[in-house]
Structures are given as structure tokens and as C-alpha cells.
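Each value in this text was obtained by applying a stated rule to the coordinates, not by laboratory testing. Everything numeric here is computed off the predicted structure, so don't read it as measured data. No Cβ is skipped: glycine too gets one built from the backbone with ideal geometry, and neighbour counts run over all protein chains shown.
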Amino acid sequence: MRSILITCLLLYFCPTQALQGQEPDQSLGAFGEVIDVRVLNLEVAVTDKNGQSVSGLQAEDFRLFVDGESVPIEYFSEIRQGVAKSSTPGAIAAAPQVTPGEVAGTSFLLFVDNFFGHARDRKVVLQEIIDGLPEMGPKDRMAVVAFNGRQLDLVGDWSGSPGAIANTLRTAMEQPAFGLQRRGELGQYEAQLATLNSGLIEESSRNILVQYVTKLSRQVGTVVKAATTAMRTMASTPGRKVLLLTSGGWPDEPVTYATGNPSNAQILDRSLYTSPKNALRDLADTANLLGYTIYPIDLAGKQSGGPTAAEGGDRAVGAAAGAFDPATSAFGRTGGRENEVELPLLVLAEKTGGLAMLNGLRQAAIQETLQDTGNYYWLGYAPTWERNDEQHEVRVETVRKDLKSRSRQGFKDLSRQTEVTMLVESNLLFSTPLGDHSLDVTLGNPKRAGRRKIELPISFKVPLDNIVMLPVARGFEAKLELRVAVMGEDGDRSEIPIIPVNIGGKTRPAAGAYAVYETSLKLRKAKQRLALALYDVAGEQFLSTLVEFDPTSL
């Protein structure tokens, strides 16, 4: 599942008539939208030496640095108890528009982790949120998305009605949760080691570790990418944006989680498994790019009597706490499995300017979040976007040295190619049509291709009316990119290859003409979902489809 073998054909057509009136589609809607971020919005919390929120600062009281260089603050506003107190005149386009005296709403996107989470723990957290809904501001609103390992479910769209949100959360409480399965997989791994140590089986402890770590790594990567998808799908929302991220327990280093020994993370060959660190980094980068602040919530709370990454305290932990070094995750590496699942939450909060709700604070998460998001300074900066996948460091400082500030720490300048791949991943998880045009796909008769492998012939029609044909020296040509994403029933997913596809001919295509594209996929012999997407590079449009495939009867 980590790779797909694809064989492609270059296609030509026999056209007779020009295509008319095709213009690039600049907006693909709420889902499938190529994100057009123009302004980097920074929500900055400022506190004094006693940890109290500081008000009354002006733009000149702050310094903004990008990659270590000072840049101008192009938009500034202070929000105090949810109301704008000041605002820069003539704010730059695409910056948050608030005027003094105006209520500034917050959009809370709640991500419910049903893949790692337990129903009991989920009920505790969601009931706490229900109880705290009356404290939301008049312009605050919430949407709820849940993930079960295979499918993202929009449980409830944006709503500002506490009653409607409460009903949505009660619906979320009734959904199946699969945390016991994750616990069972850990128990099976430990049982195999115990059986090995007793001499009852002949197997390598390294092989047992690789099997468990590989599975766990992919599972964590899947749920984290689902959270990233949820943010992208719900990106077009006004006001401040907050991701309430519930986690059933995602270790950032599965080898350490499994063995309890950090040195094993270096001993085991990384090529044998995919670390979730990349997915966690992408989650933070996407949040920063889209203007989301992440407030992670530890669903399980404190699970042991020993020290934890939050120093054992039932409080919100973020950049101001100074409890750990997110660059090295050096704090608390000897604290066992609980630290391994808390550290990613700490880092996500640190990098996006939020707070991590750990241990007993999970039962006060909404109150803490509402209090923290009600008082801040809104700074805006318009970078020069290069679309080159470069990472940029952002730092906000106050002129007064006795004050502390907390805000997002960077952003990634996503390339169009990376962004399109992320959209295909979103399509796979949300099972929602990608773009405006569907792809007509025909599956052939699969053939055996080794142990538990099959080769699946596949063809699809490319309607030439829906792509942009550009004049070239030898006629007309369209440059497309094929992406194929595959996910099994257990949430295991493939890497997504990018295959160039050129369609061309000596003359222009006739109206209604199409080309037939043929390829083959080498897949596991298991039930799985396929997302196939052709991306028109010139027209910035998608032709896509989802296919449920079951070869197990072969």
C-alpha cells in the first residue's frame, strides 16, 4: 500500500473544431478549493509577568519578523472580550475586517477522533463542550467533523445556535468509536513479545516491532491527515478560526511508544516505516496557512500516576508555559507512553499559537479556549507568495521586554502541485466530488500479480470540452496530471504518485470529443477505495471519481 505501480499511455485525438470560451476556474467551491491565501493573519496573545492578559497596546508596540527579517505590520486590531477596541484604517485586502465596537466572532471547528478515541472519553469531552456552549459569543459558531479511520463525516455544518450545536454533539456521541481496537492492537503486540520471550514461538522481536510500528505509523498519519482535510474543507469561514482537535492518542514516535526506549527510534531503520512527524508538521503548516489556531484536547486525560509532558498539571500548555522544547521534543522522553501521545499536542499548540488541553483540563476545554480566544491582537502581513513549498519562520515580539507574546510560528508556501495532491487526499477521506466534472472510469478484469497482489486494468474517458487545449508548435496539447489515492478498510493508504499525462493532436478537437486513457494499477488484494483525479494544469480544474473495489472474491 505504500506505492502503486502505474503504466500509462500518451493519448492523441482526431479533432476538427476549436474549443470556445474556456477560462481557468479560480474557485472550486468549499470542497476542492485551491486555497488562495493572500494575507498571513496572526492572532497574538500578550501577557504580563503574572500571566495576566495585557490590553491597550498599539501596532508600534510589536515587531514582526519573517525568516529573521523585520517586516511591516500591514493590519492591526485589538480584540478585548470578543469586541474590537481598535483597528488600522484602510486595512489591506483579505485582512480581517472589524471596526471599533464591533463584535468579532470566532469559528470553532471541532474534529472528533473516533479512530483512536474511546466512546467513554469522547462523551466526557463532548458533554463538557455542550455545557459550555452558553458562554459562546453572539457571533461565535461551530461545525463538527468526525473521522472513523476511513470516512470524514460532517456531523454538523456551521451554526451559531447553542441548541443546534448541542444536538449535533449528541449525534456525535452516538457514533461508533474504535479506540478499543487500537488498544487491542497494542495488546496483541505485547502478547507476541511475551510469547516470544517465553520461547513458544520462533520469530524476531525486530520483525514484531516493525509490523506494529508500521501499522501504527500509518494509522496516526491517516487520522492527522483527516484533521488537515477538515481544516481545508472548512477554510472559507469568516472571523478568527480555531481547530478544537480531539486526540485519542497519537504518538509522534511510534517506536518509542511501542518499546518505551527512545534509542530504538534511531536503531530501527526509518525506511521500514513512515513517521507521523511529517503529517503532524503538515497539519501545523496548514493551520498556519489558513489562519487556524489549534487547541488540542487529550480525550483520555491522565492515564498514569507518573510525570507527563504537561508536568502533571491540569492546565492549558502552550508557548508561554516553557514546558518543553518543540524543536527537539526533549522534555519528558522518559515519561512513557503518555508523554508520547501528549508531546504532539503540545507541539501543535506551540506552533500555531494555541493551548493544549491535557489531563483533567479536557473537562474544561471549551471554557479555557473561549477565555483565551476572547482577548488578543490581530496582526496582518502580506508575504510575497512563491508557491515553492518553502518553510518560513514567523516571530512576533513586543517592544516591552516585560511582556510575553504567543502566536503562530511559521507557514509553508505551498506549491500548486502539493496543494493539488492534498486535495486528492481530501477527496479520498471526505468522499465528496472534487471539482465540477466527474471522470468516467471503467475497471477491467484484475489479474494476479504475486502474493496478495493484483494488477487492475483501468481506463477512463477524458472529455476534451472540460480541459484547456493550448496551441503548440505541432498542433494542440493539454497538460494533465494523474493522481491515484488508495485506502484500505483499515485506513491504510498509499503514497500518491503524480503522473504527467499529455493529450494532443495536429488540429483542434471537435465539440463533444473525448480521449480514452488506459493504465493499470498494482494493488493489494483487499477491499479498498480509489480516488482518481486528473488535474488540468492550465485550466486549474479537476476531473475526478471515487471507486469502491473488492477483489477478495477472486
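Miscellaneous remarks
- Restriction of the trypsin sites (Lys or Arg not before Pro) in region 468-554 to DSSP coil positions whose beta-carbon has at most 15 other beta-carbons within 10 angstrom yields ARG474, LYS506, LYS527.
- If the chain linking GLU390 and SER459 were pulled fully straight, counting 0.36 nm for each residue of separation and taking away their Cα-Cα distance, it would gain 21.2 nm.
- Per-residue HN-Hα couplings for region 522-528 [Karplus 6.51, -1.76, 1.60; θ = phi - 60°; Hz; x = Gly/Pro]: 9, 10, 5, 8, 7, 5, 7
- Take the Cα of ASP440, step 7 Å toward its Cβ, do the same at GLU495, and the gap between the two points is 3.4 nm.
- For region 37-89, the list of trypsin sites (Lys or Arg not before Pro) that fall in a loop by DSSP and count at most 16 other C-beta atoms within 10 angstrom reads ARG38, LYS49.
- Karplus 3J(HN,Hα) series, Hz, for region 435-447 with 6.51 cos²θ - 1.76 cosθ + 1.60 (x for Gly, Pro): x, 9, 10, 8, 10, 7, 10, 10, 8, x, 7, x, 10
- Around the amide H of ALA515, modelled in the peptide plane, lie the amide H atoms of VAL462, LEU464, all under 5 Å away and 5 or more residues distant in sequence or on another chain.
- Extension gain (nm, one decimal) between SER236 and GLN417, 0.36 nm per residue minus Cα-Cα: 63.1 nm
- On the basis of the beta-carbon distance and an R0 of 22 Å, ALA194 and ASN278 show a calculated FRET efficiency of 0.10.
- VAL516/THR552 FRET efficiency (R0 30 Å; Cβ-Cβ; nearest 0.05): 0.55
- Structural descriptor for region 115-172: relative contact order 33 percent, calculated from alpha carbon pairs under 8 angstrom and at least 6 residues apart.
- Loop trypsin sites (Lys or Arg not before Pro), region 351-447, which have at most 10 other Cβ atoms in a 10 Å radius of their Cβ (DSSP): LYS401
- The stretch between GLU102 and ARG206 holds 31.4 nm of extra length on full extension. This uses 0.36 nm per residue minus the Cα-Cα distance.
- Spin-label model distance (nm) - ALA164 vs LYS527, 7 Å beyond Cα toward Cβ: 3.5 nm
- Computed from the Cβ-Cβ distance with R0 of 60 Å, the FRET efficiency linking GLN371 to LYS506 stands at 0.35.
- Karplus 3J(HN,Hα) series, Hz, for region 496-505 with 6.51 cos²θ - 1.76 cosθ + 1.60 (x for Gly, Pro): 9, x, 10, 10, x, 10, 10, 10, x, x
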